[in-house]
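A short worksheet on the structure shown next.
Where a number appears in this text, it was derived from the coordinates with a stated rule and is not lab data. These numbers were taken from a predicted model, which means no experiment stands behind them. No Cβ is skipped: glycine too gets one built from the backbone with ideal geometry, and neighbour counts run over all protein chains shown.
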Amino acid sequence: MERAPGNLLVTMPLHAITATYGTDGLRDRLAAECATFSPSERARLDQALALASRVHAADRRVTEPYVNHLLRVAIRILSHYGVRDPDVACAALLHDAVEDHPAEVAAAGGAEPATGGDVQQAALQALARGFGPRVADLVAAVTNPPWDPARDAAEQYREHVAASLERNPWARVIKVSDFTDNGAGLIHTTGPKVPRLAAKYAPLVPVLRDLVTRPDTPLSGQARQRVLNQLDRAAERFAAITSG
């Protein structure tokens, strides 16, 4: 696939980069966003992307590699939200790694094999050793714990998100970028799971709106309004899907 000029990539919408230039284009856009970071910060981001790419290598989001989602979440935070924080960018790249592939993450950090909730803790400890405790704490805040099979999974998901983000303002930034990508992604998704996902995500919109508008959420006024506009658009899409 042809590589895009760097000056073009920084002006393109993220899903347009995905459609036209694929994973390589998103990687190049992330590199452009991180150009002002120090060499050690860029090296740590490269390490986070390498780990995320490895553990999610076999994962797909409909027709695209899963790593594209992780890249868009990180790029959106750096570019659209104006957050120039390497820890947050690393955590964004790794935000699904512990939930989806805890054993692989733990093994990459040299941890002993574990099971259940213990394997998540082992994976988070591995991230803390490799990327620092703040990155591990941010990933922990956006990682769903094992669900109680006797309760509704979607309800548990909403309760966990609200409680976890209440305690960690910086994790809200990662979650709203993730949520925006998931909400926008439903436009590019087909099949019977679309109404189920819309029904799962729709009740989170008011929860995230409340958290984003709180004074301790570390976003500028412009970024905050951008997120609120995206949440409104997501709510419209979810309503259209669930009523159709």
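Before moving on, here are some points about what is shown:
- For the chain, a Kirkwood hydrodynamic radius built from all Cα pairs, placed in the Stokes-Einstein relation at 37 °C and 0.692 mPa s, yields a translational diffusion coefficient of 178 µm²/s.
- Computed magnitude of the charge dipole of region 6-243 (debye, nearest 20; Cβ of K, R +1, Cβ of D, E -1): 580 debye
- Footprinting exposure proxy for Leu138, Leu208 (fewest neighbouring C-beta atoms within 10 Å first): Leu208, Leu138
- Relative counts (whole %) of C-alpha pair distances in region 124-244, using bins that are 5 Å wide: 2, 11, 19, 20, 19, 15, 9, 3, 1, 0
- Based on C-alpha pairs under 8 angstrom that are at least 6 apart in sequence, region 35-136 has a relative contact order of 23 percent.
- Other-chain or far-sequence residues with amide H under 5 Å of Arg61's (modelled H): Tyr66
- The slack in the chain from Val10 to Thr242, taken as 0.36 nm per residue of separation less the alpha-carbon distance, amounts to 80.1 nm.
- Val62 versus Asp24: modelled label distance in nm, points set 7 Å from Cα along the beta carbon direction: 2.4 nm
- Taking Asp100, Asp210, Asp152 as the candidate residues, the one with maximal mean-square fluctuation in a Gaussian network model of the chain, Cα springs under 10 Å, is Asp152.
- Peptide packing for 17-27, 193-203 was compared via the average number of neighbouring C-beta atoms within 10 Å per residue; ordered from the highest value, the list is 17-27, 193-203.
- Sorting Glu166, Glu236 by the number of Cβ atoms found within 10 Å of their own Cβ, with the fewest placed first, yields Glu236, Glu166.
- The helix-only estimate of mean residue ellipticity at 222 nm for the chain, built from DSSP H runs of length n ≥ 4 each weighted as -39500 (n - 2.57), is -22000 deg cm²/dmol after division by the residue total.
- Annotation for region 129-168: trypsin sites (Lys or Arg not before Pro) lying in DSSP loop with at most 12 further Cβ atoms inside 10 Å of their Cβ are Arg151.
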